[in-house]
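> Shown below is the structure under consideration.
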């Protein structure tokens, strides 16, 4: 059957061992043995009367063309310095020009030069595969989720610190028990980090 489908069987050790027999009944079939890095049988994991088989393949990741984006680099943008240069720019030149198109061109040039000085263009190359399902709404929801999770942890930590500082030991343990952070079996692992 393997030959007719052009498949290669990569497990060679017995996978079912009984006191009276050893047999190879759990197979792994691949299209090409060239892609197999390693394969074998794990006898240490006893899940059933069959041993676990494994294969490690050399599978190339999805190839994607690098994409280039050109954008302004605001990572070193200094707001105060930008405002200083904005006020020092020769805006008075615009009033001396009579043609409206030249006025707009002069204004754009002055503003463009300011941005070139404080936030120059930068080309970024992305090599990761595109994720078309990652919409702006999804990014916003992820950001809100992260913000909410961080806020909950911060407020919980603040509350636990508050009750630990403003309670005697008996009422502290009673409060922790009512919050399901402590019971007779021990302290919840999360509580130890929050009370520090």
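> Only Cα pairs under 8 Å and at least 6 apart count here; give the relative contact order of the stretch 1-40 as a rounded whole percent.
43
> At 222 nm, what value in deg cm²/dmol follows for the chain if DSSP H runs of at least 4 each add -39500 (n - 2.57) and the sum is divided by all its residues, to the nearest 500?
Only helices count here, giving -13000 deg cm²/dmol.
> Please compute the contact order of the stretch 60-145 in relative form: average sequence separation of alpha-carbon pairs under 8 Å and at least six residues apart, divided by the residue count, as a percent.
53
> In addition: Using only the alpha-carbon atoms, how far is helix 100-118 inclined from the longest principal axis of the chain? Give it as 0 to 90 degrees, nearest 10.
50
> While we're here: Return the percentage of antiparallel bridges among DSSP beta bridges fully within the chain, rounded to the nearest 5 %.
100
> Using only the C-alpha atoms of the chain, find the volume of their convex hull and express it per residue in Å³. Spell out each step's value before the answer.
On the way: hull volume 62.9 nm³, N = 196.
Taking the convex hull of the Cα positions in the chain, it is 321 Å³ per residue.
> Something else: Hey, what angle do you get for helix 79-88 against the long axis of the chain, alpha-carbon based, 0 to 90 degrees rounded to 10?
20
> Measure nothing fancy, just the Cα-based angle from helix 169-178's long axis to the longest principal axis of the chain, in degrees from 0 to 90, nearest 10.
Its long axis makes an angle of about 80 degrees.
Readers should treat all values here as calculations from the given coordinates under stated rules, not as data from a laboratory. In this text, all values refer to a predicted model and were calculated from it rather than measured experimentally.
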